[in-house]
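Have a look at the structure below before the remarks.
The values are calculated or read from the model by the stated rules, or taken from the named source; none is laboratory data. Computed from a predicted structure; not experimentally measured. Please note: Cβ atoms are built from the backbone with ideal geometry, for glycine as well, and neighbour counts cover all protein chains shown.
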Amino acid sequence: MRDKATTCVVAEDEALLRDELVKLLGECWPGLEIVAVCEDGGSALEAIETHSPDVAFLDIRMPGLSGLEVASNMLAAGLSTEVVFVTAYDQYALDAFDRGAVDYLLKPVSRERLATTVGRVRERLARGGADSAQLAELLARLQLAVPPAPRAQPLVWLTASRGNETRLILVDDVAYFQADSKYTVVMTAEGESLLRKPIRDLLEVLDPTMFKQVHRSTIVNLRAVAGVARDESGRGTIRLRNRPETLTVSQSFMGLFRNM
């Protein structure tokens, strides 16, 4: 009987670096099953929730949720996955990494460094896998040490189409955004419009204190939230102030509403 393959999620927003990491993993870890390759933090978190992989390679800086936030939400949701952080900044490589609790890779990722990291991860998996307490301690230190990514001023207005009409919409009036293929549905109290921009691009220009990703395909305006309910599986449902429909919150995003 064939042994269960070790499974992996890869999250990196730069396509060339993502493809190179996947290629090198194939060379350094024969038999590793990559179950999802993601280009933003929200997709990575949902992939971890869906697949419960043995290991996740997370870019520290990604659109939407950072790699640190993905790992924090993963822990809050009770998900147990070995984490390897990928970063372009060696100042992030704190002593905690080298104590063996969690590994990191510097960009561009070298085959030699990846081979060493793979060996360490496989040893930890053989001993029983991720140590949640050590990961939580490291995340707390990294949150203090890692400077926030520079951001432009948050978007205030946007133009979206509704039939043959182009509409100017105040961002604060948006209840939520929802992915629609390569476009994004913009939902306000008056109805829906279509924005010719993928939802992942919005994560970089919206006010992160008010607009939260609650599903890989949904960003909600917290001002529009009337209430949040949790079901037995841990998933949530958002009730909106000015819209009749409800929104689904993935279990791994429910930590956003812990204090609401």
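General observations
- Any hit, the range 12-26, residues being of a type outside the set (Gly, Ala, Ser), closer than 26 Å to MET254 by Cβ and outside any strand (DSSP E or B): yes
- Some residue of the range 13-32 being over 18 Å from ALA88 (Cα atoms) and among the basic types (Lys, Arg): yes
- Considering residues of the range 49-68 that are free of Cβ contacts under 8 Å to residues at least 60 places away in the same chain and assigned to a loop (DSSP other than H, G, I, E, B) only, the residue farthest from ALA36 (Cα to Cα): MET62
- Residues satisfying the stated conditions in the range 193-213, i.e. of a type in the set (D, E, K, R), surrounded by 14 or more Cβ atoms within 10 Å (Cβ to Cβ) and in contact (Cβ under 8 Å) with a residue 24 or more places away in the chain: ARG200, GLU204, ASP207, LYS212
- Filtering GLU12, GLU27 for residues that are under 17 Å from PRO108 (Cβ atoms), surrounded by fewer than 17 Cβ atoms within 10 Å (Cβ to Cβ) and in contact (Cβ under 8 Å) with a residue 60 or more places away in the chain leaves a single hit, GLU27.
- Scan of the range 170-199 for residues that are assigned to a loop (DSSP other than H, G, I, E, B) and aliphatic (A, V, I, L, M), ordered by number: ALA189
- In this entry, SER233 passes the filter for residues that are among the hydroxyl-bearing types (Ser, Thr, Tyr), surrounded by fewer than 19 Cβ atoms within 10 Å (Cβ to Cβ) and assigned to a loop (DSSP other than H, G, I, E, B).
- Conditions (1) part of a loop (DSSP other than H, G, I, E, B); (2) at pLDDT below 90; (3) among the aliphatic types (A, V, I, L, M): number failed by MET254: (1)
- Pick from the range 37-60, criterion under 19 Å from ILE199 (Cα atoms) and among the aliphatic types (A, V, I, L, M), ranking: surrounded by the fewest Cβ atoms within 10 Å (Cβ to Cβ): VAL37
- Close pairs from the range 111-136: first farther than 14 Å from SER80 by Cα, partner part of a helix (DSSP H, G or I) and modelled with pLDDT of 90 or more, Cβ under 6 Å, at least 6 apart: ARG111/LEU24; LEU114/LEU24; LEU114/CYS28; ALA115/CYS28; VAL118/CYS28
- Some residue of the range 161-168 being assigned to a helix (DSSP H, G or I) and either closer than 23 Å to LEU240 by Cα or not aromatic (Phe, Trp, Tyr) (or both): no
- Screening LEU158, LEU135, LEU144 for residues that are loosely packed, with under 10 Cβ neighbours inside 10 Å, among the aliphatic types (A, V, I, L, M) and either under 24 Å from ASN73 (Cβ atoms) or modelled with pLDDT of 80 or more (or both) leaves exactly one candidate, LEU144.
- Tabulated pairs, the range 157-173, first more than 21 Å from VAL225 (Cβ to Cβ), second hydrophobic (A, V, I, L, M, F, W, C) and not in a strand (DSSP E or B), C-beta under 9 angstrom, 6+ apart or interchain: TRP157/VAL171
- Filter result (in contact with a Leu (Cβ under 6 Å, 6 or more places away or on another chain), farther than 19 Å from ALA133 by Cα and surrounded by fewer than 23 Cβ atoms within 10 Å (Cβ to Cβ)) within the range 61-89: PRO63
- Those residues of the range 183-192 which are in contact with a Lys or Arg (Cβ under 8 Å, 6 or more places away or on another chain) and either surrounded by 21 or more Cβ atoms within 10 Å (Cβ to Cβ) or among the basic types (Lys, Arg) (or both), in sequence order: THR184, MET187
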